[in-house]
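Asks: Before anything else, here's the structure in question.
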Amino acid sequence: GTWLAGMLTVAWFLINRVDTTRIEYSIPLRENWALPYFACQVAALTGYLKRNLNTYAERFCYLLLSTSTYTFMMVWEYSHYVLFLQAVSLLLLDIFSVEQSDKVYEVYKVYIFSLFLGYLLQFENPALLVSPLLSLVGAFMLVKCLQLNGKKGTFVAKVIKVFEFYLLCTLPVTLNLIVKMFVPHKENEHVLKFLEVKFGLNMTKNFTLNWLLCQESLQAPSQDFFFRLTQSSLLPFYVLVLIICLLSMTQVFFRRMSLKFIWTPYVCMLAAFGVCSPELWMTLLKWLRLRTVHPMLLALILSMAVPTIIGLSLWKEFFPRLITELTELQEFYDPDTVELMTWIKRQAPVAAVFAGSPQLMGVIKLCTGWTVTSLPLYSDDDLLQRNENIYQIYSKRSAEDIYKILTSYKANYLIVEDAICNELGTTRGCRVKDLLDIANGHVVFEEGDKLTYSKYGRFCHEVKINYSPYVNYFTRVYWNRSYFVYKVNTVISFQS
């Protein structure tokens with residue numbers, strides 16, 4: 001209800017952008033394109049759920065909600081998991097009778113429409129049919145049919161209410177299992193296995209799962225992370241607001257007051273809302289039982305004075321840094337990669353197929369248009385297995401094994417990156433070659449593991465020496481400081 005909270009949210013978001021977005025140190029990922037649509041979807045959903053909304057505003061919010069939900073689902077392959085969490089929040093709101101049940105039902109119809117339209121336009125993507133979102137929405141709609149048959153206040157209605165709650169807990173799982181029996185799928189298996197390992201329910205030697213777990217964005221927050229949020233005053237106010245909200249929610253839980261379910265990306269929004277909310281200050285002042293000043297007046301003063309003081313302190317501390325960063329004109333400088341792309345476009349045959357790390361293959365595909373064996377996509381089991389197989393060029397495997405892998409994917413050229421082959425990672429066991437050794441059983445991962453001794457050296461090192469049998473399978477055709485390009489021989493001539 002105040003523009004001050006919005007300005008404070010934006011200020012905190014910009015100051016803490018290192019921890020709120022990956023756009024500064026990563027190529028434009030699909031999630032970076034999708035999250036603005038999700039923000040628009042959340043805004044439309046918030047407006048649609050408001051009470052006493054006029055007909056035109058409600059229709060506009062519903063139309064915007066439908067459009068942004070569909071677009072968000074089309075742009076990002078993991079969007080249906082995020083929308084599942086949103087659907088669970090709406091389900092809780094409906095159970096506690098916080099919002100109009102009819103509106104929640106309409107939102108669920110938007111989910112259904114977006115899922116099936118996305119399924120058709122994404123070439124019948126089975127991941128959308130076996131997603132937990134579809135199972136939850138289907139169960140909710142079946143339970144809604146039961147709600148029409150019970151009158152409020154009767155014993156039968158109370159029994160039906162308990163039965164409905166039981167169905168909401170069990171029916172989504174049942175529907176999901178039934179759908180998986182009839183729909184062939186592989187897309188969600190690695191996600192579930194990843195969650196099992198992430199939460200300590202299982203252990204794995206799988207290269208792809210361990211590689212994902214080693215990514216910085218999926219690691220536990222470091223001390224520097226909490227220090228940065230504290231330095232910008234975001235974390236202390238967020239904790240204060242969160243404590244007050246949780247205590248207030250617990251206090252009035254049985255009175256069915258409005259519950260707030262906010263996710264981690266909305267820490268800035270929650271903190272700004274609390275600092276600028278007279279109602280929150282009023283709650284705090286009532287707990288403190290101040291008698292000298294009228295609580296309502298003091299709450300209004302604090303809701304304007306505190307964010308103003310925070311804004312001035314942030315301006316003094318961080319505004320000069322932002323101006324300095326904006327004046328720095330950074331330039332892309334990677335001559336080795338530019339030289340590689342130039343060589344491919346000038347020297348490589350048009351029908352050539354390149355093999356290498358998925359990240360580099362993505363760059364080659366974008367910059368040259370040449371065919372590659374793999375891409376940095378992690379939503380399909382076949383692509384994940386293909387990426388792991390190509391990554392074997394950095395493992396302790398024989399030249400013959402690597403040759404068989406590359407020829408199975410019809411690769412004509414192999415690119416070895418020094419940055420991966422000679423990687424000196426700070427996190428133990430998270431280098432690509434370490435993960436490959438674990439997956440191949442060449443190192444001990446757990447106590448009691450059987451160690452499979454490899455009589456071969458690491459391929460990416462051995463192939464550079466140019467001796468048999470490596471020169472029989474691969475011929476070096478280009479190299480610079482960062483990349484070594486080898487032609488995969490079509491005719492193998494064994495030399496002594």
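The values are calculated or read from the model by the stated rules, or taken from the named source; none is laboratory data. None of these values were measured; they are calculated from a predicted model. Neighbour counts are summed over all protein chains in view; Cβ atoms, including those assigned to glycine, are modelled from backbone coordinates with ideal geometry. These accessible areas exclude ligands, DNA and RNA; they are computed on the full protein's heavy atoms, side chains included. Shrake-Rupley method; radii C 1.70, N 1.55, O 1.52, S 1.80 Å.
Asks: Residue check: is Tyr166 assigned to a helix (DSSP H, G or I), open to solvent by 60 Å² or more (accessible area, probe 1.4 Å), of a type in the set (Ser, Thr, Tyr) and at pLDDT below 80?
Replies: Spelling it out, Tyr166 is indeed assigned to a helix (DSSP H, G or I), open to solvent by 60 Å² or more (accessible area, probe 1.4 Å), of a type in the set (Ser, Thr, Tyr) and at pLDDT below 80.
Asks: Does Glu77 meet the test of being under 20 Å from Ile178 (Cα atoms), among the acidic types (Asp, Glu) and outside any helix (DSSP H, G or I)?
Replies: no
Asks: From the list Phe227, Phe254, Phe237, which residue is modelled with pLDDT under 75, more than 28 Å from Tyr81 (Cα to Cα) and either in a helix (DSSP H, G or I) or within 21 Å of the chain's Cα centre (by Cα) (or both)?
Replies: Just one listed residue meets the conditions, Phe254.
Asks: A further question on this structure: For residues that are assigned to a helix (DSSP H, G or I) and at pLDDT below 85, scanning just the range 92-117, find the one that is surrounded by the most Cβ atoms within 10 Å (Cβ to Cβ).
Replies: By that ranking, first place goes to Asp94.
Asks: Only residues that are touching a helix residue (DSSP H, G or I) at 6+ places or on another chain (Cβ under 6 Å) and among the hydroxyl-bearing types (Ser, Thr, Tyr): list them for the range 460-492, please.
Replies: Tyr470, Tyr473, Tyr478, Ser482, Tyr483
Asks: What are the residues in the range 371-380 that are in contact with a helix residue (DSSP H, G or I) (Cβ under 6 Å, 6 or more places away or on another chain) and surrounded by fewer than 20 Cβ atoms within 10 Å (Cβ to Cβ), if any?
Replies: The answer is Leu375, Pro376, Leu377.
Asks: Any idea which residue in the range 118-129 is modelled with the lowest pLDDT, counting only those that are open to solvent by 50 Å² or more (accessible area, probe 1.4 Å) and not aromatic (Phe, Trp, Tyr)?
Replies: For the range 118-129, the residue satisfying everything is Glu124.
Asks: State which residue is surrounded by the fewest Cβ atoms within 10 Å (Cβ to Cβ) when the search covers only the range 40-74 and only residues that are outside any loop (DSSP other than H, G, I, E, B) and among the polar types (S, T, N, Q).
Replies: The qualifying residue surrounded by the fewest Cβ atoms within 10 Å (Cβ to Cβ) is Thr55.
Asks: Anything in the range 257-280 that is part of a loop (DSSP other than H, G, I, E, B), closer than 21 Å to Leu234 by Cβ and at pLDDT 70 or above? List them, or say none.
Replies: Cys276, Ser277
Asks: Answer yes or no as to whether Asp418 is more than 16 Å from Val485 (Cβ to Cβ) and open to solvent by 30 Å² or more (accessible area, probe 1.4 Å).
Replies: no
Asks: Out of everything in the range 281-327 that is open to solvent by 100 Å² or more (accessible area, probe 1.4 Å) and among the charged types (D, E, K, R), what residue ends up being modelled with the lowest pLDDT?
Replies: Of everything passing the filter in the range 281-327, Arg291 is modelled with the lowest pLDDT.
Asks: Looking at Lys450, Lys464, Lys455, Lys487 in this structure, which one is in a loop (DSSP other than H, G, I, E, B), open to solvent by 40 Å² or more (accessible area, probe 1.4 Å) and at pLDDT 80 or above?
Replies: Of the residues listed, the single one that is in a loop (DSSP other than H, G, I, E, B), open to solvent by 40 Å² or more (accessible area, probe 1.4 Å) and at pLDDT 80 or above is Lys455.
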